[in-house]
Amino acid sequence: MSDASHRAKTNAALPPERSTEFMLTDTILEEREVNAELANGKTEKKTKYYGMATFKASFDRQGGAHIFQYVIQCRNITVDAVELEQGIDRAQSAAIHHVTYQRIPATASMVGLYFKVTDLICGHVYQFRIRADNGGYGKGIPEGIYSDFTDEVTMPAEPVADEEDEHESL
């Protein structure tokens, strides 16, 4: 049996086409208990908040070799605006990061896929897009074609502590 890169080369495979569907399904405020180090060297439990976004995506064509991964590009518009104002080169930007999901098994459905992106900064504005890479990626086949960016999405804000809660903790 030939491997995916051999099939990709001999069958003139192309990168997978862009997704036929990529849509935001929800934004969620995620709460986690973390250990915070205090100035005196001790630690205490603190609540940390993050944003989470969930998506639904579908793809029609693989490009001639099985898709082995999906990549969601996350663009933090809030950070991007600050970096642009400061003249930071986009190649050095902290505003864009990628989340990769392996497709297991390689024959799994390409329709009605659900993804979640976690650890997003509360209150920040983001855009997202997705691509699929097939078995020939990096072996003569370029990466897949990204979808268009989503509309801008604002992550939920951290909850504001009530005055009662603040007095109780004192």
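The values are calculated or read from the model by the stated rules, or taken from the named source; none is laboratory data. These numbers were taken from a predicted model, which means no experiment stands behind them. Note that we place each Cβ from the backbone using ideal geometry, even for glycine, and neighbour counts take in every protein chain shown. The area values use the complete protein model at the heavy-atom level, side chains included, leaving out ligands, DNA and RNA. Shrake-Rupley method; radii C 1.70, N 1.55, O 1.52, S 1.80 Å.
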Checklist outcome for this item: Going through (1) out of contact with any Asp or Glu (no Cβ under 9 Å at 6 or more places or on another chain); (2) of a type in the set (K, R); (3) surrounded by 15 or more Cβ atoms within 10 Å (Cβ to Cβ) one by one, K42 fails only at (3)
Checklist entry - Checking A108 against (1) surrounded by 12 or more Cβ atoms within 10 Å (Cβ to Cβ); (2) over 14 Å from the mean Cα position of the chain (by Cα); (3) among the aliphatic types (A, V, I, L, M), which test does it fail? => result (1)
Checklist entry - Which residue out of Y146, Y101 is out of contact with any Lys or Arg (no Cβ under 6 Å at 6 or more places or on another chain), aromatic (F, W, Y) and open to solvent by 20 Å² or more (accessible area, probe 1.4 Å)? => result Y101
Item to check | Residue tally, condition outside any loop (DSSP other than H, G, I, E, B) and at pLDDT below 90, over the stretch 134-170 | outcome: 10
Checklist entry - Can R90 be described as among the basic types (K, R), at negative phi and modelled with pLDDT of 85 or more? => result no
Checklist entry - Restricting attention to the stretch 1-27, which residues are assigned to a strand (DSSP E or B) and either open to solvent by 60 Å² or more (accessible area, probe 1.4 Å) or at pLDDT below 90 (or both)? => result M23, L24, T25, D26
